[in-house]
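Here is the structure we will look at.
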Amino acid sequence: MCGITGYIGDGDCSTIIARSLKNLEYRGYDSAGVALLDGTLEVHKQSGQIDDLTIPSMPNATCGIGHTRWSTHGAPTDANAHPHTDCSGDVAVVHNGIIDNYEAFKRELGDDHEFTSETDTEVIAHLIEDALADDADLRDAVEDVVAMLEGSFAIAVTAVGHEGIVAARQDSPLVIGHTDDATFLGSDVTAFVEYTRRVTFLEDGDIARLTESDVTITNGDTLVERERQTVDWDADAAEKGGYEHYMRKEIHEQPHAVRQALSGRVDELAGAVDLDLSLSREYCNSLDEIQIIACGTSYYAGLYAAELLERHADVRVSVHVASEYEFRGNRDPWRTLVVAVTQSGETADTLRALRKAAGAGARTLAVTNTVGSTVAREVDDTVYIRSGPEIGVAATKTFASQVTTLALVTVYLGRQRNAISSNEASTILRGLSAVPGAIQQVLDAEPAVRETAEEYADGDAFFFIGRRFGHPVALEGALKLKEISYDHAEGFPGGELKHGPLALVTEQTPVVAVLTEGTNADETLHNVKEVESRGAPVIGVTSETDPNPVFDTALEVPAIGLMEPVVANVYLQLFAYHVANQKGRSIDKPRNLAKSVTVE
Ligand code: F6R
């Protein structure tokens, strides 16, 4: 995710803001910038590394805000970097999150305001400019503007002629730091933990005015007191938000990541999605087939998507491990849509496969997390999954975001091809909007998963079974466990067990079975019986509506329909994490593995 920092006090403001930006570097970013106030506003921002950003020494500056950006709207360019300013250059805004309704404001403000970026954020600066024209006070102006915004955001604003910083939070974290003679702001404690551990966490709907010695917080019409706490985190713990590993932090970020993937793209009532694609109705209807190319976890997200697309978009889909891909198109290759699924957008195998397809004349679409990545530059269309940076080598939150985004692509194509009615589309979209809450319920059950992991951690090997949508989840569960615990783990469609793998099943090989909605659970239950009769302990991940779970351990997924297997996957991530943690493995950087595989 992006990072926010702010400072008001007598210290060396430009140095403190520069240090805070460095502290936020771990979150991943593609551009950065600062706004410093000393009577006038000085903004410095650019794409690339913080070390290359020139932050002038301004001895009289007492107030500043800074930002590290991970692009969601517009490429990582100097112009799109934050802070963003209004027409006068007197108001500076930094922002994390997504403003769903920014395009409508941009159109409305268009004639009277000059926009210099492609971002959603810039509209906030211009709206505040207008609000300040009626409203002398910056806090009131921010309050008026925030009331008009839809989406998730944390913002910090500073303006010429107004004291301090005004900050607002809606679904995106913000924390204030206090010392006797200064006030800090951060999207997390890391930004300022080297200066203070006395903090106040803002809550959704809070608007805070920060001055050097004082903080006032309102929520709606009410003045609120938020508890001042002392965190005992060191800088390393703070980077991980208090979690021991990035992987666990990222597992816990999934409700937010999925919300971001859906944000502003879904009209549930109308059964419509807007992904800003150039795929016309005519093209969608002329499609012969979709070929998905990807590696590892992204490949499993592709397998999940293939089930969705075949069911709801009535199109033939093949899924290819990118390193094995050859383009075998029809007489009109353009009628084959090749979809590259890649978190990093830089995976060499996926890029090579994509170039083969594009070279043969196929149409291409990227589903990626990384704005400005090589894949995004080379394809005809891109849809971003908006997970925010993933630092743990093992992919976790990006799997959920990839599947969610590909489900949106499915609804888009399904409607364009008249393969589903608007009512059917609405049902799928309702199921998608239930995913964040359902994932949260699974995360809340983490203590039970930890106990299960501790009970079975010494297994000789681990098998994961699941059918239909449960199959890619079983494969992903096994991949996660093997890569971070170094245990032998394999995933199968349940029906394949008896064709060979059953020979390996003993009392010492726990079997994890995915039996939620969409997984042909009744049939998988036969396979559960097969392994149980060989003495294997079974961990069943079931829908909460399952009438008679018969497992050694049952982990329940809230009943939300077709997306239940994605939620089940969160149990498998937690299981892998706790097995690996029990063994003291190097969870965030497993041996022999790299986050982005840029060699073939
Ligand atoms: C597994 C994992 C890898 C990646 C694979 C593709 O946890 O992270 O299997 O999924 O290397 O990477 P991207 O999605 O960046 O193309």
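The values are calculated or read from the model by the stated rules, or taken from the named source; none is laboratory data. For clarity, every value in this text was computed on a predicted model and none was experimentally measured. Counting neighbours? That spans all protein chains shown, and the Cβs are built from the backbone with ideal geometry, glycine included. These accessible areas exclude ligands, DNA and RNA; they are computed on the full protein's heavy atoms, side chains included. Shrake-Rupley method; radii C 1.70, N 1.55, O 1.52, S 1.80 Å.
Residue count for the stretch 329-351, restricted to those that are surrounded by fewer than 17 Cβ atoms within 10 Å (Cβ to Cβ), away from the ligand (no atom under 12 Å from the Cβ) and either touching a residue at least 12 places away in the same chain (Cβ under 8 Å) or under 18 Å from THR405 (Cβ atoms) (or both): 4.
Of the residues making up the stretch 352-365, just one is crowded, with 24+ Cβ neighbours inside 10 Å and more than 15 Å from the ligand (Cβ to nearest atom), namely ALA357. Among the residues making up the stretch 289-308, those that are under 16 Å from THR519 (Cα atoms), in contact (Cβ under 8 Å) with a residue 60 or more places away in the chain and away from the ligand (no atom under 14 Å from the Cβ) are GLU307, LEU308. Taking the numbered list (1) within 12 Å of the ligand (Cβ to nearest atom); (2) closer than 21 Å to GLN254 by Cα; (3) open to solvent by 10 Å² or more (accessible area, probe 1.4 Å) in turn, VAL599 passes all entries but (2).
Here HIS113 meets the list (1) in a helix (DSSP H, G or I); (2) open to solvent by less than 40 Å² (accessible area, probe 1.4 Å) almost entirely, failing just condition (1). Restricting the search to strands (runs of 3 or more DSSP E) fully inside the stretch 456-538 and requiring at least 2 residues that are open to solvent by 20 Å² or more (accessible area, probe 1.4 Å) and touching a residue at least 60 places away in the same chain (Cβ under 8 Å) gives an empty result.
Listed by first and then second residue, the pairs linking a residue in the stretch 38-52 that is open to solvent by 70 Å² or more (accessible area, probe 1.4 Å) to a residue that is in a helix (DSSP H, G or I), with Cβ atoms under 7 Å apart and 6 or more places separating them unless they lie on different chains, form an empty list. With respect to the conditions (1) among the polar types (S, T, N, Q); (2) open to solvent by less than 40 Å² (accessible area, probe 1.4 Å); (3) within 17 Å of THR211 (Cα to Cα), ASN60 falls short on a single one, namely (2). Somewhere in the stretch 280-287, is a residue modelled with pLDDT of 95 or more, among the polar types (S, T, N, Q), more than 16 Å from the ligand (Cβ to nearest atom) and open to solvent by less than 10 Å² (accessible area, probe 1.4 Å)? No. Residues in the stretch 151-169 that are touching a Phe, Trp or Tyr at 6+ places or on another chain (Cβ under 9 Å) and either surrounded by fewer than 20 Cβ atoms within 10 Å (Cβ to Cβ) or among the hydroxyl-bearing types (Ser, Thr, Tyr) (or both): GLY151 only. Cβ-Cβ distances below 6 Å connect no pair with a first residue in the stretch 99-111 that is over 12 Å from ARG265 (Cα atoms) and of a type outside the set (Ser, Thr, Tyr), a second residue that is open to solvent by less than 30 Å² (accessible area, probe 1.4 Å) and outside any helix (DSSP H, G or I), and a separation of six or more residues or different chains.
Only one of the listed residues (VAL409, VAL403) is of a type in the set (A, V, I, L, M, F, W, C), away from the ligand (no atom under 13 Å from the Cβ) and assigned to a helix (DSSP H, G or I). That residue is VAL409. Residues that are open to solvent by less than 40 Å² (accessible area, probe 1.4 Å) and of a type in the set (D, E, K, R) within the stretch 238-248 comprise just one, LYS240.
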